[in-house]
Every structure is written in structure tokens, then in C-alpha cells.
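Input: a single structure, listed below in C-alpha cells.
The values are calculated or read from the model by the stated rules, or taken from the named source; none is laboratory data. Owing to the predicted nature of the structure, the values given are computational and were not obtained by experimental measurement. In this analysis, Cβ positions are derived from the backbone assuming ideal geometry, glycine residues included, and neighbour counts consider all displayed protein chains.
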Amino acid sequence: MKGFFKGSATAIITPFHESGVNYEVFGELIEHQIAGGTDALVFLGTTGEPSTMSFAEEHELMQYAVKKVAKRAKVIFGCGSNCTADAVMTAQKAESYGADGLLAVTPYYNKCTQNGLVEYYRAICEAVSIPVIAYNVPGRTGVEIQPATMAKIAEIPNIAGIKDAGGNMSKTMETFRLVSDKCDVYSGEDALNLPILACGGAGVISVLSNIVPADIKKLCTLVAQGKLAEAIELNNQLLPLANACFIEVNPIPVKEAMNIVGFDAGVPRAPLTVMESANREKLIGAIKAYGLEVRV
């Protein structure tokens, strides 16, 4: 299926305090995104740290997010797992809470075959009626959705697209060639947002847009309007900040960046750690160079 959403989606962070999710700050982050014109919010993606959250915490967050967003943007929940049964259960819960769609990362660690990927996505899709975006991020999972495999996955009726964070433009172009008449392609890597949009991507699922949602939305709009020279100029400004947000493993830098610009985002959950001081100084430099106010 095509057209689930177009434009900018934010893979939003989850702020924690000692007793769980910091919902006061979480609400502020959601409002920051809505004010910036974000088209969709992705909760419990990699950036949201679901791997260190209990099922109870995830389900509470889902219910809060749906009510807080209140139809002002599309709500997408991460549901992927290395256990298909868990992925299906999470997908069904997300749908029951009012999700508009799902983002399902490939299984990880147990590393299924390409045929296994097709059956994994089929199981999730057949368990729900809402759109599902496949998530390809082999650097995290050790499993890659090959273009020919994505062509098979795209035949599943409620597959809405692929979030491509593979970092290989040659494979991305082949994926476009094979699936563009069946489902959408979304950039999942901020450094490649512009080329993927320019090649026909329907939108982006961005980490950087936690910090600058309006500018990521503007990038998408400029490309959609055919204003490539302006898009290139904006992208040139965005790239140093994007690179700084991946100087350590995501979401360590982006959470610290949100702290730096004035949100009480807290720190990542273990085994992730606080940002190293030298890298934090580089991040502060990128934030200042972009023209954002440093508040801590």
C-alpha cells in the first residue's frame, strides 16, 4: 500500500527519571514536535529505547501518546522483536490503543533468513489491520532486508513501506526500482535524507528532528516542491548537526542534545551510558554553529 504518510516523522526519544517514563517532559517533547509541523511521531523505535522497557511501560506509553497527540499527527509504534510472537502481541496492543501504524524492525540476534523475514512481516501484518512499515537497520540487527526480499514483503497488503537505514544507496536505489509501485520508501538515516527524498522517497523517519523538527519538515517540503537548490542549502546546514548526533551510539547524543537545548531529557538507560565529555563538547559546538541556544 502507498500513501500512509508523507513528509517528516520523528523517531522520538523517551525521557526517563528514577521511577520510569518522565511524562511531564514527554508531553513537552510531543508538543515541540507538533509545533514544528511533524507529520508523524514514531514511538518506541530504536531512539525510544524499548529494549530496556518492560511491556507494562511500553503499553502505558502507547496509551499516553495516543491521547496526547490527539490526531494532530500520525502515531506509529515500534513493535519489532527477535520473537515473532512478541512482535505480534505488541502490534495488536498498539492497534487496540489507537495507533495509526506500526514500525517493525527486523528480528535481531537469532538472524533469520530472507524467507524468514517475509514470514515475520506476514505474521505481523496478518495480525492487524493498520499499516506496517518494515525497518531495515542491519548495523543494529545483523540482518538486512535485501531489495528482492523487500519486493516480496511489499506484496503483503498492509505493508506501507520500508524505513531504510541500511546506508547503501546502491541497494536503496534497487529497492526503489522493485517496490515503488507497491509501497513507499522512507529515509531512516539523517545523512541520507536528501538523496532518498530526491530519488522518490515519501518522507523521512528522523532522529535529528527531535531537535529541529521544523527544519526537517522544511527539507521534505522543499524536495516535494522541486526546490532542490534550496533543499541542498538547508541540508548542508543540517549535516554537521546530524553527524554530531551520531558521534556515539543513538540515542546517547540526541538525548544529550535535547538536554543542552533546554529539555530535561534525562540519560539513556543502561547499558547505554552518559555521553563522553569530549564528544559532548563537539556536540555543543555543532549546536552552537547551527544557531541554537545552549541552555545548560
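Just wondering, is there one or more residues in the stretch 100-117 that are among the aliphatic types (A, V, I, L, M), more than 18 Å from ALA154 (Cβ to Cβ) and under 19 Å from the mean Cα position of the chain (by Cα)?
no
Take the residues of the stretch 282-296 that are of a type in the set (D, E, K, R) and within 14 Å of MET258 (Cα to Cα): which is modelled with the highest pLDDT?
Ranking the candidates gives LYS288 first.
Filter the stretch 278-293 down to the residues that are surrounded by fewer than 15 Cβ atoms within 10 Å (Cβ to Cβ) and either in a loop (DSSP other than H, G, I, E, B) or touching a Lys or Arg at 6+ places or on another chain (Cβ under 7 Å) (or both) and list them by number. Explain how you work it out, then say what you get.
Of all residues in the stretch 278-293, those surrounded by fewer than 15 Cβ atoms within 10 Å (Cβ to Cβ) come to 278, 281, 285, 288-289, 291, 293.
Correct list: GLY291, GLU293.
Regarding GLU144, is this residue part of a helix (DSSP H, G or I) and either at positive phi or surrounded by fewer than 23 Cβ atoms within 10 Å (Cβ to Cβ) (or both)?
So GLU144 does not fit the description; no.
Residues of the stretch 104-126 being within 19 Å of ALA160 (Cβ to Cβ), surrounded by fewer than 22 Cβ atoms within 10 Å (Cβ to Cβ) and not aliphatic (A, V, I, L, M), which ones?
GLU119, ARG122, GLU126
Within the stretch 42-67, which residues are within 16 Å of the chain's Cα centre (by Cα) and over 20 Å from SER81 (Cα atoms)?
ALA65 - this is the single residue of the stretch 42-67 that is within 16 Å of the chain's Cα centre (by Cα) and over 20 Å from SER81 (Cα atoms).
Of all the residues that make up the stretch 1-25, how many are in a helix (DSSP H, G or I) and surrounded by 22 or more Cβ atoms within 10 Å (Cβ to Cβ)?
0
Would the stretch 283-293 turn up any residue that is within 17 Å of GLU28 (Cβ to Cβ) and either in contact (Cβ under 8 Å) with a residue 12 or more places away in the chain or small (Gly, Ala, Ser) (or both)?
yes
I'm trying to understand the selection: among the residues of the stretch 147-168, which are on the phi < 0 side of the Ramachandran plot and not aliphatic (A, V, I, L, M)? I'd like the intermediate steps shown before the answer.
Filtering the stretch 147-168 down to residues on the phi < 0 side of the Ramachandran plot leaves 147-160, 162-166, 168.
Selection gives PRO147, THR149, LYS152, GLU155, PRO157, ASN158, LYS163, ASP164, GLY166, ASN168.
Residues that are without any contact (Cβ under 8 Å) to a residue 12 or more places away in the chain, more than 30 Å from SER129 (Cβ to Cβ) and over 20 Å from the mean Cα position of the chain (by Cα): find the helices (runs of 4 or more DSSP H) completely inside the stretch 157-244 holding 3 or more of those.
Counting at least 3 such residues, we get 228-244.
Select from the stretch 66-86 the residues that are of a type in the set (Gly, Ala, Ser) and in contact with a helix residue (DSSP H, G or I) (Cβ under 7 Å, 6 or more places away or on another chain) and list them in ascending order.
ALA73, GLY78, GLY80, SER81 - these are the residues of the stretch 66-86 that are of a type in the set (Gly, Ala, Ser) and in contact with a helix residue (DSSP H, G or I) (Cβ under 7 Å, 6 or more places away or on another chain).
Being among the polar types (S, T, N, Q) and touching an Asp or Glu at 6+ places or on another chain (Cβ under 8 Å) is the filter; apply it to the stretch 166-192 and report the residue that is farthest from GLY3 (Cα to Cα).
THR172
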